[in-house]
Structure formats: C-alpha cells, structure tokens
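Peer 1: Below are the structure tokens for one structure; questions will follow.
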Amino acid sequence: VSMTVEIRTDTYPEETGWTLINNCDNTEHGRKNAGYYSAKTADHSETLCVPRAEYTFQITDAYGDGICCGYGNGYYSVTYMGNMEATGDGQFGTSKDHTFGSCSTPNPTPQPTAQPTPQPTPQPTPQPQPTTSPT
C-alpha cells in the first residue's frame, strides 16, 4: 500500500529527520537522518510502498526546537492508505511519535462455494430380450 511522508523544513533543515518503523515485525521502512535535508523552508515529499501493518512515525529535530516558530513554519504529515494519519505544526521539541495502522490482517474473502452437481440420471432399464419361441 502507499504511504506519503511530507515535510516542510524550517530555516535549519539539517536538524530535521524521521523514521518509519513497522511494529508488526520491527522493521524499518523509511528514514531520513538529520543532515539529509538542506533546503531551508522547503517542501519535501516521499511516497513509500509498504505492507499493511501498524507503524510508528517519529519526527526528530537534532537541536531540540522542532521545525517551527522562531525559525520558520515547518510542518509534517503522513498519509497511509489514503488517510492522514500523522500531522503536526512542527512544535515538538526533540521528537514526536505517531502510531497508526494495525497488525491484524483483514478477514480474507471466503472461497466461493462450488456449483451443485446435477442429480444423477436413473440407471437405464434393461432392454427386453426376445424370446426364442414365438408366443
């Protein structure tokens, strides 16, 4: 399924980072370390193809002042399966976590039932045998 991470950096973009962890199998599905972003007050978008699962998205700021306010109007959002699951105006200090999704799998569609078979035809009746002598 599709997941989109959007970030607008503040005037210190090199401080901004994020991680995306699949909580169902504890694997990392995305990461941008501090130092990755270099454009000040710029919009960044990344679309990931991920399995259905429960995720934790963590946004970080290496300096500890978030991505807003006195140093720009940064923000972030995460869209998963068409739904906005995490969003913030950048006021989070060092980090902020958002957890969404589910580890349970949806119920599978039941198998189609087989078409009924037609009723068996009756056994044919034996043909009469001619007699050897006339009656």
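Just so you know, all these numbers are worked out from the coordinates, no wet-lab data involved. The structure displayed is predicted, hence computed values, not measured ones. Cβ: placed from backbone, ideal geometry, glycine included. Neighbour counts: every protein chain shown.
Peer 1: I need to check one value: relative contact order of the range 1-69, counting alpha carbon pairs closer than 8 Å and at least 6 residues apart, in percent.
Peer 2: Details: 140 pairs, mean separation 30.5, N = 69.
That works out to 44 percent.
Peer 1: If amide hydrogens are placed 1.01 Å from N in the peptide plane, which non-local residues have theirs closer than 5 Å to the one on ALA53?
Peer 2: SER102
Peer 1: Work through the residues other than GLY74 whose Cβ is under 14 Å from its Cβ and net out their charges, Lys, Arg +1 and Asp, Glu -1.
Peer 2: -4
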